[in-house]
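Each reported figure results from applying straightforward, stated rules to the coordinates on display, with no laboratory input. The shown structure was predicted, so the numbers you read here are calculated from the model rather than taken from an experiment. Positions of Cβ are generated from backbone atoms using ideal geometry, with glycine treated the same way; all protein chains shown enter the neighbour counts.
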Amino acid sequence: MKLILEGKAKKIFQTKKKEVLVQYFKDSATAFNNKKKRNFKNKGVINNLISSDIFTYLTKNNIKTHFIKRISSREQLIRKLKIIPIEVVIRNFSAGSLVNRLGIKRGKKLKEPLVEFYFKCDALNDPIINDDHIMLLNIANKKDIAKIKAIGLKVNKLLLKYFNNINIVLVDYKMEFGFLKKNIVLGDEISPDSCRLWDKKTKISFDKDIFRENKGNLLKSYLEVLKRLKIEVENV
Ligand code: TMP
C-alpha cells in the first residue's frame, strides 16, 4: 500500500480502491504542537480499539462518519474525505486552553456545551478562529459551518452518554470533519488522545493530559478506558 500521509499519531495509506484508505495508528504521542514527544508501546492498538468502538456506536446512532471497519490491531478502513482544515472542539467542563485563555476556574460545568474552532496550521500553532474567519479563509460557508456545529453537538450528546455509562466525564474533545461528495462527515479519530476524560468520582484523568502534564501512567489509564468499555484486547 502506498503511504499518502503521515501525521503525528497516524499514517494514511491508499488502497486499490480510490475512495478507500487505511488509517494506521502509531504509538507516538505529541503535545504542544510537537514540542513534546514520546512513544507509548501499543498506544496505537488501544486507540484503534477505542476509536473503532466509538465510530461504530456513532454510526449506529445515525452519525455519518468515514469509518468502514477495523481490519487489524492498528488499522481501519476508512472512506476518503476532503478534509476541512479545522479542529472542532466541544467543551462540557472548563479545562485546558479555555481556562488559560479566559482565566476561569478548572472543572466547572459549562451552562451549555461550548463549540470552538481551531485553524489546522502547525506553522501558526493552530489558532482559535470563529465562523467569520472560516468564511474569510474560504474553508467552509455559513451553511456548512452550521451543519458542522449541529453534527458536533449531536455527537457530543451521544458521547456524554457513552462515557457516562462507564463512569467517565467527557470534559472536552476534538473532532475533524470532511466532505464526502456534498455531505459533511466525521473523520479522524476519537480516543483518549483527543478527549479529556475524567473519572466521575475522583476526577482523575484517563487521557493525554497524563503525558502533557507528566501525571500518572498513560498506558494504564488508556487500558482502564478499554476495560470499562468491556472491549477485548489481545496482546496488549
Ligand atoms: P485544549 O484545551 O488544549 O484547547 O484542548 C481541547 C480538547 O481538544 C482536548 O480534549 C484535547 C483536544 N486537542 C486535540 O485533540 N488536539 C490538539 O491539537 C489540541 C490542542 C487539543
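Data for the structure
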| item | result |
| --- | --- |
| Over segment 56-123, volume per residue of the alpha carbon convex hull, in Å³ | 166 |
| Choice from Phe32, Phe163, Phe13 showing the highest fluctuation, given a GNM over the chain with Cα pairs closer than 10 Å | Phe32 |
| Over 24 Å (Cα to Cα) - which of Lys36/Lys201; Lys109/Lys203; Lys142/Lys208; Lys26/Lys82; Lys18/Lys82; Lys147/Lys174 fall in this group | Lys36/Lys201; Lys142/Lys208 |
| Calculated P(r) of segment 96-230 - Cα pairs past 25 Å, % | 33 |
| Order of Thr59, Thr30 under a 10 Å beta carbon neighbour criterion, fewest first | Thr59, Thr30 |
| Isotropic mean projected area of the C-alpha convex hull, segment 35-87 (nm²) | 5.0 |
| As computed over the chain, the Cα convex hull volume per residue (Å³) | 134 |
| Relative intensity, log₁₀ I(q)/I(0), of segment 1-135 from a Debye sum that treats every alpha carbon as a point, q = 0.19, 0.21 Å⁻¹ | -1.38, -1.42 |
| For segment 126-215, size of Cβ-based charge dipole, Lys and Arg +1, Asp and Glu -1, in debye | 480 |
| Alpha-carbon Debye profile of segment 158-210, log10 I(q)/I(0) at 0.17, 0.20, 0.27 Å⁻¹ | -0.56, -0.70, -1.01 |
| GNM result for the chain, Cα springs below 10 Å: residue of Glu112, Glu189, Glu19 fluctuating most strongly | Glu112 |
| Relative contact order computed over the chain (Cα-Cα under 8 Å; 6+ residues apart), in percent | 18 |
| Cα centre as origin, Lys/Arg/Asp/Glu Cβ charges: segment 78-236 dipole, Debye | 660 |
| Rg and Dmax [Cα atoms of segment 94-170; Å; Rg one decimal, Dmax integer] | 14.7, 41 |
| Segment 42-92 - charge dipole about Cα centre, Lys and Arg +1 at Cβ, Asp and Glu -1, debye rounded to 20 | 160 |
| Sorted by Cβ neighbour density within 10 Å, fewest at the top, the residues Val22, Val171, Val115 | Val115, Val22, Val171 |
